[in-house]
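Notes follow the structure.
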Amino acid sequence: MHPLLNTAVKAARRAGSIMNRASLDIERIQVARKDQNDFVTEVDKACERAIIEVLSQAYPDHGFLGEESGLTKGDKPLSCMPDNVWIIDPIDGTTNFIHGMPVYCTSIGLMQKGVITQAVIYDPSRDELFMASKGKGAFLNDRRLRVTKQDRLDEALIGTGFPFKYMDLLDTYVSMFKQLSGRVAGLRRPGAAALDLAYVAAGRYDGFFEMGLMPWDAAAGSLLVTEAGGFVGDFQGGPDFLFSENIIAATPKVFAQMVAMLSPYKLPEPKAAGAFRPEGV
Ligand code: IPD
Ligand code: CA
Ligand code: CA
């Protein structure tokens with residue numbers, strides 16, 4: 001295993017044990033509201049601190065983009081993305097976590113000069129560790145992953161997420177949902193985008209789409225999908241899926257059919273993710 005990936009796995013497992021311990025007594029978890037339908041717990045923050053501690057001990061020159069602490073390096077805020085930056089969602093699926101619904105994970109991706117090169121997604125409820133290094137394939141625990149061979153949208157199982165934070169996206173989303181639901185085998189919304197992407201890589205879904213995602217939701221999952229032989233892009237099928245706040249991930253043939261269906265929709269400019277776009281990307 002690549003040493004960078006090995007360290008990320010250690011960090012993800014550390015976060016996993018914090019989540020597992022906290023999940024034994026969810027009544028005691030303090031929940032704060034960041035925004036409408038956007039919650040954070042002290043567990044999210046403890047997980048992020050633990051992940052950054054493990055990674056910064058091994059790589060003191062690297063930067064961090066964490067959902068809870070923003071863009072930092074050595075405890076100081078940064079104004080632009082450095083060449084090596086770990087993109088972290090300490091708990092993806094916080095709303096599930098707070099409700100004791102066991103669909104959440106930690107997601108850690110390393111971006112080097114604008115390219116995601118290492119990825120770990122860890123689901124502590126199932127002890128499932130999804131990993132990828134660029135050019136070396138994607139794995140679930142020790143099993144190599146491949147996307148499904150599905151080439152027909154009408155037979156595809158598709159994951160998605162509702163734009164529950166950005167209500168102005170809802171009408172557009174509902175139109176997409178209506179159009180797609182008549183044309184696919186099934187649509188699912190479990191509530192953790194990083195896991196959704198890992199599941200495309202693992203062949204549990206044939207495709208996934210969502211609007212309003214941030215780089216920490218998608219960074220690690222995108223590498224898992226491409227290393228498992230799938231395609232990832234924005235709704236136009238282009239490469240701007242980390243900072244445009246819209247993403248499609250699927251088997252190659254299903255991806256093309258989803259792009260054909262979703263690209264005509266007019267989308268607003270990204271609200272928050274654009275601020276993290278590295279120079280030249
Ligand atoms: C959320 C989850 C959810 C997705 C949201 C994300 P969080 O992440 O991934 O599935 O629909 O867009 O913000 O807030 O639980 O880390
Ligand atoms: Ca998230
Ligand atoms: Ca989160």
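The values are calculated or read from the model by the stated rules, or taken from the named source; none is laboratory data. Only a predicted model underlies this, so the values are computations on that prediction, with no experimental measurement involved. Cβ coordinates were reconstructed from backbone atoms using ideal geometry, including for glycine residues, and neighbour counts include every protein chain displayed.
Within the stretch 153-169, no residue satisfies the criterion of being surrounded by 14 or more Cβ atoms within 10 Å (Cβ to Cβ) and more than 24 Å from Gly221 (Cα to Cα). When Glu48, Glu68 are checked against the criterion of being within 16 Å of ligand 2 (Cβ to nearest atom), of a type outside the set (Phe, Trp, Tyr) and under 17 Å from Ala272 (Cβ atoms), a single residue qualifies: Glu68.
Would you point out which residue out of Ala194, Ala219, Ala201 is farther than 22 Å from Tyr265 by Cα and more than 13 Å from ligand 2 (Cβ to nearest atom)? Please lay out each step first, then the result.
Numbers: Ala194 fails: more than 13 Å from ligand 2 (Cβ to nearest atom); Ala219 fails: more than 13 Å from ligand 2 (Cβ to nearest atom).
Residue meeting the stated conditions: Ala201.
Report yes if Met111 is closer than 18 Å to Tyr199 by Cα, assigned to a strand (DSSP E or B) and more than 16 Å from ligand 3 (Cβ to nearest atom), otherwise no.
Details: closer than 18 Å to Tyr199 by Cα: no; assigned to a strand (DSSP E or B): yes; more than 16 Å from ligand 3 (Cβ to nearest atom): yes.
The answer is no for Met111.
Which members of the stretch 99-124 meet the condition of being surrounded by fewer than 17 Cβ atoms within 10 Å (Cβ to Cβ) and polar (S, T, N, Q)? Before you say what the answer is, go through the steps one by one.
Taking the stretch 99-124 first, the residues surrounded by fewer than 17 Cβ atoms within 10 Å (Cβ to Cβ) are 99-102, 112-115.
The one that is surrounded by fewer than 17 Cβ atoms within 10 Å (Cβ to Cβ) and polar (S, T, N, Q): Gln112.
Which of the residues spanning the stretch 72-95 are surrounded by fewer than 19 Cβ atoms within 10 Å (Cβ to Cβ) and either touching a residue at least 40 places away in the same chain (Cβ under 8 Å) or within 16 Å of ligand 3 (Cβ to nearest atom) (or both)? Working first, answer last.
Step one: list which residues in the stretch 72-95 are surrounded by fewer than 19 Cβ atoms within 10 Å (Cβ to Cβ), which gives 72-80, 82-84, 95.
Scanning the stretch 72-95 gives Cys80, Thr95.
Might you check whether a residue that is among the hydrophobic types (A, V, I, L, M, F, W, C) and within 12 Å of ligand 1 (Cβ to nearest atom) occurs anywhere in the stretch 135-151? No, every residue in the stretch 135-151 fails to be among the hydrophobic types (A, V, I, L, M, F, W, C) and within 12 Å of ligand 1 (Cβ to nearest atom).
Restricting Glu269, Glu245 to those that are out of contact with any strand residue (DSSP E or B) (no Cβ under 7 Å at 6 or more places or on another chain) and either among the aromatic types (Phe, Trp, Tyr) or free of Cβ contacts under 8 Å to residues at least 40 places away in the same chain (or both) reduces the list to Glu269.
What are the residues in the stretch 24-46 that are of a type in the set (S, T, N, Q) and either at pLDDT 95 or above or surrounded by fewer than 15 Cβ atoms within 10 Å (Cβ to Cβ) (or both), if any? Quick ask: steps written out before the conclusion?
Of the stretch 24-46, the ones of a type in the set (S, T, N, Q) are 30, 36-37, 41.
Passing the criteria: Gln30, Gln36, Asn37.
Kindly list the number of the only condition in (1) within 16 Å of ligand 3 (Cβ to nearest atom); (2) buried (at least 19 other Cβ atoms within 10 Å of the Cβ) that fails for Arg49. It is condition (2) that Arg49 fails.
Do we find that Phe231 is within 16 Å of ligand 3 (Cβ to nearest atom), of a type in the set (Phe, Trp, Tyr) and within 16 Å of the chain's Cα centre (by Cα) in this structure? Judged against the criteria, Phe231 is not a match.
Within the stretch 247-259, restricting attention to residues that are surrounded by 23 or more Cβ atoms within 10 Å (Cβ to Cβ) and touching an Asp or Glu at 6+ places or on another chain (Cβ under 9 Å), the residue that is farthest from Ala228 (Cα to Cα) is Ile247. Looking at the stretch 1-108, the helices (runs of 4 or more DSSP H) lying wholly inside it that each contain 3 or more residues that are away from ligand 1 (no atom under 16 Å from the Cβ) sit at 3-23, 42-58.
So is Phe130 aromatic (Phe, Trp, Tyr) and more than 16 Å from ligand 1 (Cβ to nearest atom) or not? So Phe130 does not fit the description; no. The lone criterion from (1) touching a Pro at 6+ places or on another chain (Cβ under 8 Å); (2) within 22 Å of Phe164 (Cβ to Cβ) left unmet by His99 is number (1).
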